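Have a look at the structure below, then the notes.
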Amino acid sequence: MTRIFTIARLALAVAFLAPIALTSPLPAQAQSDRLSPEVRKFIGHMARTHGFDARALRTLFAGAQPNRDVLRAIAAPVTSRPWYQFKPLCVDDMQVTEGVQFWHDNAALLERARHDFGVPEDIVIAVIAIESRFGRYAGGYRVIDSLYTLAFVWPNRTAYFRGELEQFLVLTREQGWDAGSVQGSFAGALGWPQFMPSSYRRFALDYSGDGRVDLWNDVADIVGSVANYLQQFGWRDGQPIATRAQLDGVDPKALLQIGLKQQLLSEWQQRGVTSAEDMGQALPASLFALELADGPEYWLGFDNFHALLRYNPSRNYAMAVHQLAQEIRTQHERPALAGSD
């Protein structure tokens, strides 16, 4: 029912876009006069709260283009696919090979970030790889169009996307960017790490010390910002991420209804859930399932798994980072292991 409702609302949104897309371009003043009441109210808020020039914002929004592709992408995010379909999109031989090369090329930088933030090299690399394939797919949408569409056309999470649009405009002023030219993802995410504008302002670092924060071209800023983000959201140095769970004669449906609420491993054991590895019974963990082609696979996720969920609230995403990182580390250490024989 929820899925049908979402599709119906998307259809209405796309239908709403049709006359906009087909209307002949109007002079800037005429376009500005046609701004919706919601956009005008938002412009007033930006002028009062942040001191923006209302006339300049009206001109900017008059040139913003509602985007059908943004609506299609937000309605069916790739992370919503079954795990067995999602994993090959993120964890493949090229990602591993390029991840190992990135580690080799930036070993000192990654070690510095691990020392400063406690986040392992392989995790930072895996996040960058999955988010943008090391910058090759950092987004080809005008961010002003993406956020305009999601804030004023898409019917869901309106407050969130208007907040991100607000943060984007403040960010462009702080950084001296042309707000109409910045490119990002369909959701308005920026740079190699795909930070939303609010995250860019809060967590992006000038890790290279050159006086500016650049998540498109400065590898030091990119690495430091990803590590800083994960530390801020609870990454615990040296702690596990996830392990396979074994369910001994219990109905998984009732247990999975607990969702991602964490309980001690000892409490899970009392419910018939055990860890496939020997773990400390005082560790908090949550139980979740991954959808394989031949049925579900059960896992326990620890605090660091939840830190990854704060980067992207998809279990598929967090697991992809974990498994790609494992493969990158294994491949990175293989020459050393071979040389020690």
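The values are calculated or read from the model by the stated rules, or taken from the named source; none is laboratory data. What you are looking at is a predicted structure, and each value in this text was computed from that prediction instead of being measured. Counting neighbours? That spans all protein chains shown, and the Cβs are built from the backbone with ideal geometry, glycine included. Keep in mind that these areas ignore ligands, DNA and RNA; they rest on the heavy atoms of the full protein, side chains included. Shrake-Rupley method; radii C 1.70, N 1.55, O 1.52, S 1.80 Å.
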Any chance you could look up the accessible area of residue 258 with a 1.4 Å probe, heavy atoms only, rounded to 10 Å²?
40 Å²
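Determine the sum of side-chain charges near residue 317: Lys and Arg each +1, Asp and Glu each -1, restricted to other residues whose C-beta is under 12 angstrom from that of residue 317. Could you put the intermediate results ahead of the total?
On the way: positive: 81, 87, 310, 315; negative: 131.
So the surrounding residues net to +3.
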Starting from the Cα of residue 253, draw a straight line to each of the lysines and keep only those under 25 Å, dropping any in the same chain fewer than 8 residues away.
87, 261
Students often get this wrong: which residues of segment 191-218 have the backbone nitrogen under 17 Å from the point 7 angstrom along Cα-to-C-beta of residue 136?
192-194
If you roll a 1.4 angstrom probe over the protein chains with everything in place, what fraction of the accessible area of segment 65-162 belongs to carbon and sulfur, to the nearest %?
49 percent
Quick check on the chain: helices-only [θ] at 222 nm, where DSSP H runs of length 4 and up contribute -39,500 (n - 2.57) each and the sum goes over total residues. Nearest 500, please.
-18000 deg cm²/dmol
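Which trypsin sites (Lys or Arg not before Pro) in segment 262-341 sit in a loop by DSSP (not H, G, I, E or B) and have at most 15 other Cβ atoms within 10 Å of their own Cβ?
Details: sites: 271, 310, 315, 329; in loops: 271.
Loop-located and lightly packed - 271.
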Would you mind computing, in nm to one decimal, how far apart the modelled labels at residue 59 and residue 41 are, each placed 7 Å from Cα along Cα→Cβ?
2.7 nm
On the full set of protein chains, 1.4 Å probe, figure out the accessible area of residue 36 and give it in Å² to the nearest 10.
40 Å²
Per residue, accessible area of the chain with a 1.4 Å probe, heavy atoms of protein chains only, in Å², comes to 49 Å²
Taking a crude spin-label model, label points 7 Å out from Cα along the C-beta direction, the residue 94 to residue 78 distance in nm is 1.1 nm
Which trypsin sites (Lys or Arg not before Pro) in segment 174-225 sit in a loop by DSSP (not H, G, I, E or B) and have at most 16 other Cβ atoms within 10 Å of their own Cβ?
212
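Probe radius 1.4 Å, ligands and nucleic acids ignored: give me the carbon and sulfur share of the accessible area of segment 235-335 as a rounded percent. Numbers along the way, then the final one.
On the way: 2240 of 5060 Å².
C and S atoms contribute 44 percent here.
I need the trypsin sites (Lys or Arg not before Pro) found in segment 93-141, filtered to DSSP loop residues with at most 14 other beta carbons within 10 Å of theirs. Don't skip to the end; give the middle numbers.
Numbers: sites: 112, 114, 133, 136; in loops: 133, 136.
Loop-located and lightly packed - 136.
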Which entry in [x] 1.02; [y] 0.94; [z] 0.97 is this structure's computed Rg/Rh (Cα atoms, Kirkwood Rh)?
[x]
